[in-house]
Amino acid sequence: MSSTIKGLIKSDVEHDGSKLRIAIVHARWNKVIIDALVAGAVAKLKERGVQESNIVIESVPGSYELPLACSRMIAGSHVQASSNVPDLLGGLNLSGSFSPPKAPSRTGTPAPTAVVDMPNRPFDAVIAIGVLIKGATMHFEYICESVSHALMKVQLDTGVPVIFGVLTALNDDQALERAGLGRGNVKGHNHGEDWGLAAVEMGSHVLLMGASGSGKTSMRSLIFSNNPASLTARLGATIDVEQNHVRFLGDLILNLWDLGGQDSFMDSYLTTQRATIFQHVGVMIYVFDVESREMGKDLEYFRDCMAGLKQYSPEAAVFLLVHKMDLVREPRQPTFLKKKQELEEASGDTPVSVFGTSIFDESLYRAWSNIVHTLIPNAAVLSKHLTTFANACSATEVILFERTTFLVIATSSPSSSLNSSELEEGSERCPMEPKRYERTSELIKAFKHSCSRVREEFRALEMELYDFTAVLDEMTRNTYVMVIVHDPTIEAAAVKLNIRLARKKFEELQSDSLVS
């Protein structure tokens with residue numbers, strides 16, 4: 001058994017990096033350790049299928065120069081993609097200007113000698129590698145803090161994932177062990193391998209598509225910005241591609257591309273930008289206005305998008321949202337089922353998940369909970385331990401919510417899997433209220449919003465009713481847990497004590513289940 005819980009555990013998903021282009025920017029200080037870390041990252045990139053010609057390596061003097069170098073590398077790759085420069089390293093001058101592609105590469109990264117399957121294109125992720133070892137002055141602290149904040153800013157400003165590969169060691173032995181070069185019998189683990197795997201996983205992005213006016217921007221604002229539905233009407237239309245690095249569960253960053261749905265933009269996505277838009281997509285969310293008067297054109301665009309996805313990202317999950325269901329007269333179910341059948345037929349042999357949604361009820365939370373659940377590596381691990389926790393508490397059910405959005409990320413009930421959200425009320429397979437998760441999310445978010453209006457902070461909630469007890473409390477820094485107990489002999493105080501005792505374990509599980 002391992003003596004430590006640290007490190008990136010193996011993901012249930014084998015991410016394919018064959019179509020990714022990754023940059024590695026490393027410092028030259030502490031060269032022995034740097035070389036091992038770079039080699040570890042490259043080895044894992046190749047193991048995941050990244051072509052050698054699509055791994056670009058550049059060096060800078062020290063870690064302090066990494067943020068500027070990463071920013072210039074990202075910008076330079078866009079210039080290269082538009083000007084057909086054959087070798088980025090020859091055409092990129094980190095001193096501030098671009099030089100003709102005559103200069104030799106300073107690191108020997110090979111330029112493609114022949115036409116490869118994937119043309120030169122912007123980087124999908126950048127790995128910044130440096131080694132800082134504490135000395136006798138405050139130099140170490142200043143560099144660590146500055147580089148950390150600056151690399152995060154580059155990531156958020158550019159929309160390109162920047163993997164933090166800067167070791168901040170207190171002594172030589174710590175640095176050597178984290179490069180797999182430890183002295184004696186304790187060689188340690190090469191963290192460069194973890195950074196390579198993280199780069200491949202973060203290269204995937206989430207597409208949010210649909211015709212103009214279908215409601216993409218308002219639903220994104222409602223879910224991730226905590227805006228109430230009544231305020232979404234003031235939001236303007238998305239212009240072209242709006243990239244957002246949405247922080248979820250603290251350490252998981254969703255690379256969300258909200259694509260403007262005007263005809264001119266859609267035509268551009270499907271022609272000149274086709275390869276860029278549909279490369280390495282992890283999830284595509286396509287939104288349809290249930291009352292659209294141009295459904296024929298919407299389906300034509302959708303089929304073309306599905307063709308692009310099949311060509312460039314055949315493993316992507318596809319979610320279809322039939323939105324604005326609140327505008328449909330009762331009964332709504334026949335209208336939804338008719339639309340669902342139409343969309344499934346238009347999807348061909350590609351499996352899709354179809355949801356009827358509205359910003360004015362719980363249906364939107366149900367759909368996005370399913371979507372986000374597919375993006376959380378090893379979510380099954382959390383569910384398994386929630387089941388163990390439920391048994392320890394004699395609880396009927398335990399639900400884990402993300403702290404900011406209050407989307408459901410895991411439950412203790414295998415029969416109530418997030419992927420079974422299409423079950424009808426009264427179904428024998430789902431004896432409990434099938435909409436309980438989403439209704440709880442909606443109510444708690446509304447309550448949190450009310451607390452903020454009176455300048456009070458929401459912390460916990462406890463309800464003791466005649467037939468059950470419900471306790472909602474913090475589980476980790478980034479999650480809340482709700483415990484439902486029907487046994488009248490179990491006091492709420494005992495439930496809260498169990499939650500407090502379980503927090504440390506779930507902090508460890510969350511760290512192991514996410515990519516930082």
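Structure values in brief
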quantity	calculated
Pairs with Cβ under 6 Å, 6+ apart, first in region 272-293 and basic (Lys, Arg), second open to solvent by less than 10 Å² (accessible area, probe 1.4 Å)	Arg274/Gly308
Hits in region 317-352 (condition: outside any helix (DSSP H, G or I) and in contact (Cβ under 8 Å) with a residue 40 or more places away in the chain)	Ala317, Phe319, Leu321, His323, Lys324, Ser347, Gly348, Thr350
Test for Glu141: is it charged (D, E, K, R), more than 21 Å from Asp35 (Cα to Cα) and under 17 Å from the mean Cα position of the chain (by Cα)	no
Residue ranges of helices (runs of 4 or more DSSP H) in region 28-92 with at least 1 members modelled with pLDDT of 90 or more and more than 28 Å from the chain's Cα centre (by Cα)	31-47
Answer from Gly182, Gly130, Gly188, Gly165 - the residue that is free of Cβ contacts under 8 Å to residues at least 12 places away in the same chain and either of a type in the set (Val, Ile, Thr) or outside any helix (DSSP H, G or I) (or both)	Gly182
Residue ranges of strands (runs of 3 or more DSSP E) in region 410-516 with at least 3 members more than 26 Å from Val372 (Cα to Cα) and modelled with pLDDT of 80 or more	461-464
Filter result for Gly135 (modelled with pLDDT of 50 or more, in a loop (DSSP other than H, G, I, E, B) and touching a Gly at 6+ places or on another chain (Cβ under 6 Å))	no
The lone exception for Asn190 - which of (1) within 24 Å of Glu402 (Cβ to Cβ); (2) modelled with pLDDT of 80 or more; (3) open to solvent by 20 Å² or more (accessible area, probe 1.4 Å) it fails	(1)
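The values are calculated or read from the model by the stated rules, or taken from the named source; none is laboratory data. All values derive from a computational prediction rather than experimental measurement. Virtual Cβ from ideal backbone geometry, glycine too; neighbours counted across all protein chains shown. When the accessible area is computed, the model is the full protein with side chains, heavy atoms only, and any ligands, DNA or RNA have been set aside. Shrake-Rupley method; radii C 1.70, N 1.55, O 1.52, S 1.80 Å.
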